[in-house]
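Novice: Please read through the structure below; I'll follow up with questions.
The values are calculated or read from the model by the stated rules, or taken from the named source; none is laboratory data. Here the structure is a predicted model, which means the values were calculated and not measured. Quick reminder, even Gly has a Cβ in these numbers, built from the backbone with ideal geometry, and neighbours come from all protein chains shown. Note: accessible area is taken over every heavy atom of the protein model, side chains too, but ligands, DNA and RNA are not part of it. Shrake-Rupley method; radii C 1.70, N 1.55, O 1.52, S 1.80 Å.
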Amino acid sequence: MEFLNALFTAAFDQNLVFVQLVGMVSAILVAERPQDSFRFGGMLWVAIFVAGVIGWPLYTVLFQAWGIDYLAPLGYVMVAVAIAYIMGAVLARGGDRAARDRAYMTSTVVAVNASLLAVPLSGAAVAATTTWGVACASALGAGMGAFIAIVAFAFLRDRIEERLVPGVLRGLPISLITASLVALAFTGVAGIAGGLFV
């Protein structure tokens, strides 16, 4: 139950994109088409999860043991960026030049967003977790929450562009209004998902 509680709390109650408003740029600027949002969100999910899984032992064995706790966000950022670039290199292998360029560009965007999201992830994992299982669950949940937010926003944005939107609100203004309404919805149900498994 502790694993599920940490997973759903990190995914929904403490969603990095819409509740903590850290990765909002990735949801607004990158997730334009729904088919691209699955790949981008999946890469971000893996980068955040691996950063959490590697970062927690790094924190407990190195940073906490040596008394340099303040470097924990930097450790999470370095791990997240390295994982994003490794995933980009794996995806770019064996493709033509255009596919390689697209994979490297996507991995750069994922690295920037993963580094932004790794800072609150490190704070949550360091402050709230005392066991390896809870750390894994919170890292998996944080990545799942970012994935859900990016995919949901891409589908919402796609639906909004099909509707009649006044000329003044087209583009970024309607995206900001939509993002604020989705963030309000996420904060309105905060505390429900994590409380299901207590």
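Novice: Of all the helices (runs of 4 or more DSSP H) wholly in the stretch 1-95, which have at least 1 residues that are at pLDDT 80 or above? Give the derivation first.
Specialist: Working: elements: 2-8, 34-58, 72-92.
In the stretch 1-95, 34-58, 72-92 are the helices (runs of 4 or more DSSP H) which contain 1 or more residues that are at pLDDT 80 or above.
Novice: Here's another thing I want to ask about it. Check the stretch 160-171 and report whether any residue there is assigned to a helix (DSSP H, G or I), modelled with pLDDT under 75 and open to solvent by 80 Å² or more (accessible area, probe 1.4 Å). Can you show your working first?
Specialist: So in the stretch 160-171, the residues assigned to a helix (DSSP H, G or I) come out as 160-162, 167-169.
Narrowing the set further to residues that are modelled with pLDDT under 75 leaves 161-162.
After this cut, where a residue has to be open to solvent by 80 Å² or more (accessible area, probe 1.4 Å) as well, the list is 161-162.
Yes, the stretch 160-171 has at least one match.
Novice: Cβ-Cβ below 8 Å, separation at least six or inter-chain, first residue in the stretch 90-109 and more than 17 Å from Ala80 (Cα to Cα), second open to solvent by 60 Å² or more (accessible area, probe 1.4 Å) and assigned to a helix (DSSP H, G or I): which pairs?
Specialist: Ala92/Arg100; Ala92/Tyr104
Novice: How many of the residues making up the stretch 53-73 are open to solvent by less than 40 Å² (accessible area, probe 1.4 Å) and of a type in the set (Asp, Glu)?
Specialist: 0
Novice: One residue is enough: does the stretch 187-197 have a residue meeting the conditions in contact with a Ser or Thr (Cβ under 7 Å, 6 or more places away or on another chain), open to solvent by 60 Å² or more (accessible area, probe 1.4 Å) and either farther than 28 Å from Val79 by Cα or at pLDDT 80 or above (or both)? Working first, answer last.
Specialist: In the first step, residues of the stretch 187-197 are kept if they are in contact with a Ser or Thr (Cβ under 7 Å, 6 or more places away or on another chain); the result is 193-194.
Checking which are open to solvent by 60 Å² or more (accessible area, probe 1.4 Å) leaves us with none.
No: the stretch 187-197 contains no residue that is in contact with a Ser or Thr (Cβ under 7 Å, 6 or more places away or on another chain), open to solvent by 60 Å² or more (accessible area, probe 1.4 Å) and either farther than 28 Å from Val79 by Cα or at pLDDT 80 or above (or both).
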